[in-house]
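Have a look at the structure below, then the notes.
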Amino acid sequence: MAFTQAVKMHVGNVCGRSWMSSYQRGSTVMSQRQRDYGAVLCGRCQNSSQKLCPNSRAMHATRPLMITKLLSVDEIFARRSLQDYIKKMETEYRDSLTVVNMTEGQQDGEEELRVKRTRVSVLAPLIQYTRELQTKQQEFAETETLLKDDDPDMRDLAVLEREACQKAIQDVRQKILSLLIPEEESDMSDLVLEVTAGVGGQEAMLFTAEVFDMYQSFAAHQGWGFDILEYMKSEIGGLRHASASVSGPKSYKRMKFEAGVHRVQRVPKTEKQGRMHTSTMTVAVLPQPTEITFTINAKDLRIETKRASGAGGQHVNTTDSAVRIVHLPTGVVSECQQERSQLKNKEKAMKVLRAKLYSMRLEEETSKRYTARKVQIGTKGRSEKIRTYNFPQDRITDHRIWKTVHDVREFLVGEELLEEMNLALEEFSNQEILMDILGENNSDQ
């Protein structure tokens, strides 16, 4: 893990048209019902004047943003704010432990006792590693003394001991920083992935198909499940829109930074004069809640069936297998006609609908929590330009952290290079969260 010192760079306004799919196909205006439901759908501007969305963060801003460079663990631990925060946690741990020991067995103050017990349980690993760090640092100081010993064998031994202590100190510091960064509620969830062709016609659809294939390969590379929910082909083999359910350990945590607008620059297969075109496609990554953690009232749903359309032989237009579900309080729509079975299509449509509504709730909570935060990684919103794939220069640049990797074809394979980009984004995100906790987003310390 690494963290960052912020430096300023200007980035233009990138708030554009909203992600278009079953949320509100054919319209970029959010209904009042969706606002009432608390759907903070960043980037869903109601006109094309490039105005700033009131609830958006980070890449939707026209003011200068904070672009970052990674700091080492040593540099982070040298910061006074981190040391002060750890001391604060140690004090809270001691105070909570004292309350628990004093009120054990008493009937009064059961709620306070429960809260203090929870805090002791949460803080215990952090305190344990903090004490372990102090022990290792003391051992390191002792080896420094042995380096001055007259006995050469003792000095050689001290050198080995010092190297071992340095490694142990780094490991413990890494664990402490990891404990300081809270897990998001959705990080352990599965996800629903949606891709939609944007500006660029058939070329945008061809690129959308390549990106969808990339994510399918990435899921296989990670050992995750990848179940296609919807797949709408274009006339020449591209992809208008598709969705898939991705399931596996930390799948959402690893994939959440892929959400946004992906831009491709290349000479299209359909271009006869050899001119380079710029096209876009949009990725949405929605955490998939379980039915236990997020329920939908059946009375709030309108379920419609119709005959499937598109390729499919004699089955198409002969049975009412396609399913369309409308969530009445918000107007959010989910459709599926991928399967021949109406029951299976209903199950898949419900899975997508649940993910959309759950994502809306999380976005509302996140907006409340980070309103004042200068987020570099971004909103993971559907209108945020996040990455450019430049074929003539054979490079992929992520605009949130200005990281560039080369070999576009290898990147689209969906293995090591995509994983490298994801890990870099996670490191920057962790740094932002930590700086937010330490209150250093607006500090030059």
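The values are calculated or read from the model by the stated rules, or taken from the named source; none is laboratory data. Source: prediction; values computed, not measured. Cβ sites come from the backbone with ideal geometry, for glycine too, and all protein chains shown count toward neighbours. All accessible areas refer to the heavy atoms of the entire protein, side chains included, with ligands and DNA or RNA removed. Shrake-Rupley method; radii C 1.70, N 1.55, O 1.52, S 1.80 Å.
Before moving on, here are some points about what is shown:
- Within the range 234-276, considering residues that are of a type in the set (Gly, Ala, Ser) and assigned to a strand (DSSP E or B), the one most open to solvent (accessible area, probe 1.4 Å): Ser247
- With respect to the stated conditions, Thr98 fails to be under 30 Å from Lys250 (Cα atoms), part of a helix (DSSP H, G or I) and free of Cβ contacts under 8 Å to residues at least 12 places away in the same chain.
- Matching residues in the range 170-184 - criterion: being among the charged types (D, E, K, R) and either open to solvent by 50 Å² or more (accessible area, probe 1.4 Å) or under 17 Å from the mean Cα position of the chain (by Cα) (or both): Asp171, Lys175, Glu183, Glu184
- Residues that are in contact (Cβ under 8 Å) with a residue 24 or more places away in the chain and surrounded by 15 or more Cβ atoms within 10 Å (Cβ to Cβ) within the range 140-169 comprise Phe140, Cys165, Ala168, Ile169, listed in sequence order.
- Some residue of the range 287-303 being among the aromatic types (Phe, Trp, Tyr), within 31 Å of the chain's Cα centre (by Cα) and either surrounded by fewer than 23 Cβ atoms within 10 Å (Cβ to Cβ) or modelled with pLDDT under 90 (or both): yes
- Yes/no for Ser279 being at pLDDT 90 or above and either in contact with a Gly (Cβ under 6 Å, 6 or more places away or on another chain) or open to solvent by 40 Å² or more (accessible area, probe 1.4 Å) (or both): yes
- Taking the listed residues Ser217, Ser178, the one that is small (Gly, Ala, Ser) and under 24 Å from Ile127 (Cβ atoms) is Ser178, with no other qualifying.
- Leu417 among the hydrophobic types (A, V, I, L, M, F, W, C), modelled with pLDDT of 90 or more, open to solvent by 10 Å² or more (accessible area, probe 1.4 Å) and part of a helix (DSSP H, G or I): yes
- Residues in the range 156-213 that are aliphatic (A, V, I, L, M) and not in a helix (DSSP H, G or I): Ile181, Met188, Leu191, Val192, Leu193, Val195, Ala197, Val199.
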